[in-house]
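Remarks on the structure that follows.
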Amino acid sequence: MTDSDTAPKKILIVTAHPEPRSLNASLSAFAADELRAAGHEVRTSDLYAMKWKATVDADDFPDHSPEDRLAVMPASERATTANRLTPDVAAEQEKVLWSDALILQFPMWWFSAPAILKGWIDRVFTAGFGYGPLLPPPYSEGALGGRRALISVTLGARESSFSDRGIHGRLTDVLHPLQHGLFWFAGIAPLEPFALYGIDTDLPQDRVEAAKHAYARRLSTLFTDTPVPYRTLTGGAYDHDMRLLPNAEREGTSGLDLHIAAP
């Protein structure tokens, strides 16, 4: 462990749950308290409390003419590079740039994040900020490199149903669009998620306390745990068409695991 591993860090916690008395809200507040007690700086974005606008539209780009067809990617890149994004988006981008680590706290709804969190991702990770031709290549220590990310997710189903033979599929695969397609695409190193299974609306207090105890252990290693070892696009494992080369496969792997390098 180096001094940089233990030095105070900056963490952004993004929460997506409509009920301020929910377990998700409680976990977010708990994480903020734990991290501050450890000497870190913490900023938060409670999306429902902020009444976050979840849809990308022409209003996101003040310089866009209503006479022109809206092409979102080039419009967002122009607005980003010209510092002409809307104030709410610009403020969230500033938080991401400020941070050394990003925590997403949410309940899993229909095998994904709540729409308001997806809308935060859609609007904040603009072309020219999280990706784009003027930035380093994706799937590398790229646009937002040097940061790490932790997903803290609650699930109604039992843990066995999200296993390798579980009917819902592995949690690793269900979260792949966020872990690999958002974080690693933008150069942010994702950690293994923190997941609480079998969550209903009225957890007994002993389960709540056990969950917080487990979460405290994960938070204590936020900057020392090894991130998921996803392959880099520029590391020689992929061809020009972004397909993994046969000689780069690890024996016995298939599916999405092909994109994880040997630890």
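The values are calculated or read from the model by the stated rules, or taken from the named source; none is laboratory data. Since this is a predicted model, take the numbers as computed values, not measurements. All Cβ positions, even for glycine, are placed from backbone atoms using ideal geometry, and neighbour counts span all protein chains on display.
Applying the set (1) within 22 Å of the chain's Cα centre (by Cα); (2) loosely packed, with under 14 Cβ neighbours inside 10 Å to residue 240 leaves exactly one unmet item: (1).
Within region 221-231, the set of residues being over 22 Å from residue 12 (Cα atoms) and in contact with a helix residue (DSSP H, G or I) (Cβ under 6 Å, 6 or more places away or on another chain) comprises 230, 231.
Listed here are the residues, each with its yes/no results for (1) under 14 Å from the mean Cα position of the chain (by Cα); (2) part of a strand (DSSP E or B).
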position	(1), (2)
95	yes, no
102	yes, yes
117	yes, no
121	yes, no
129	no, no
141	no, no
152	yes, yes
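Results for (1) among the polar types (S, T, N, Q); (2) touching a helix residue (DSSP H, G or I) at 6+ places or on another chain (Cβ under 9 Å); (3) in a helix (DSSP H, G or I), shown as yes or no for each residue.
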residue: 195; (1), (2), (3): no, yes, no
residue: 199; (1), (2), (3): no, yes, no
residue: 202; (1), (2), (3): no, no, no
residue: 207; (1), (2), (3): no, no, yes
residue: 213; (1), (2), (3): no, no, yes
residue: 219; (1), (2), (3): no, yes, yes
residue: 233; (1), (2), (3): no, no, no
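Every condition in (1) loosely packed, with under 10 Cβ neighbours inside 10 Å; (2) assigned by TED's automatic domain parsing to the domain that holds residue 34 holds for residue 247 except the one numbered (2).
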